[in-house]
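Report on the structure given below.
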Amino acid sequence: MLDWTWKPLVGAYFAARDGAELLRLGNAAAGQRIAVWCLHRWVGHGDYSDDRQAGRRVEIVAGPAGQIPNMAAQTGCFTLIRALPTAKDETIVLSVDDLIEESGPFLIPPYGEVRAEDYDPPWLLCYTLPIDAAPRLLATLHDQFISAAVLFPGYGGAVQAWKDLSLWR
């Protein structure tokens, strides 16, 4: 399983925070970048009644947000990748990239006017910034109310938000 968020700015917070912390500690390498990965929104959704899709291997799942406050605050979800057995009782597990490329249009649901042939890859994109931009991004996200105080409800989040201030002030 791989965790995601439905809100790209939340993903940007985690990348910026980690990058700013590396800079503070002096552990950032020259040319290092922070990254936010984006998965096409159609991946893992849809009506899988078609026999060709019955063995789907990518699903977007959510935990019980009512019982996990951080997940609710971060609009968290998971990409669940199922390994399928082969005819020889072997199990094959592909990387996310290979799985998405292999599955192609069968990951896209037949909603309304959306047709698989209308969508071309890439299904997975990566946006990066130089690590030196991390503190400024963290400050910008704070101005947009994306901070540890919001993403981690409770005292721990408030304390972390206060500590994060030192990363960009």
Checklist line | Virtual spin-label span in nm between PHE78 and ASP18, 7 Å along Cα→Cβ | finding: 1.8 nm
Next item on the list: Could you work out how far apart the two model spin labels at ASP3 and CYS38 are, taking each label as a point 7 Å from the Cα in the direction of the beta carbon, and quote it in nm?
Entry: 2.3 nm
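Go through LEU167, LEU129 and list them by solvent-accessible area, largest first, probe radius 1.4 Å. Numbers along the way, then the final one.
Working: LEU167 15, LEU129 70 Å².
Ranked list, largest accessible area first: LEU129, LEU167.
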Next item on the list: For THR128 and ASP143, compute 0.36 nm times the residue count separating them, minus their Cα-Cα distance, and round to one decimal in nm.
Entry: 3.4 nm
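The values are calculated or read from the model by the stated rules, or taken from the named source; none is laboratory data. Just so we're clear, the structure is a prediction, and the values are computed from it rather than from any experiment. Glycine gets a Cβ as well: all are built from the backbone with ideal geometry, and neighbour counts include every protein chain shown. When the accessible area is computed, the model is the full protein with side chains, heavy atoms only, and any ligands, DNA or RNA have been set aside. Shrake-Rupley method; radii C 1.70, N 1.55, O 1.52, S 1.80 Å.
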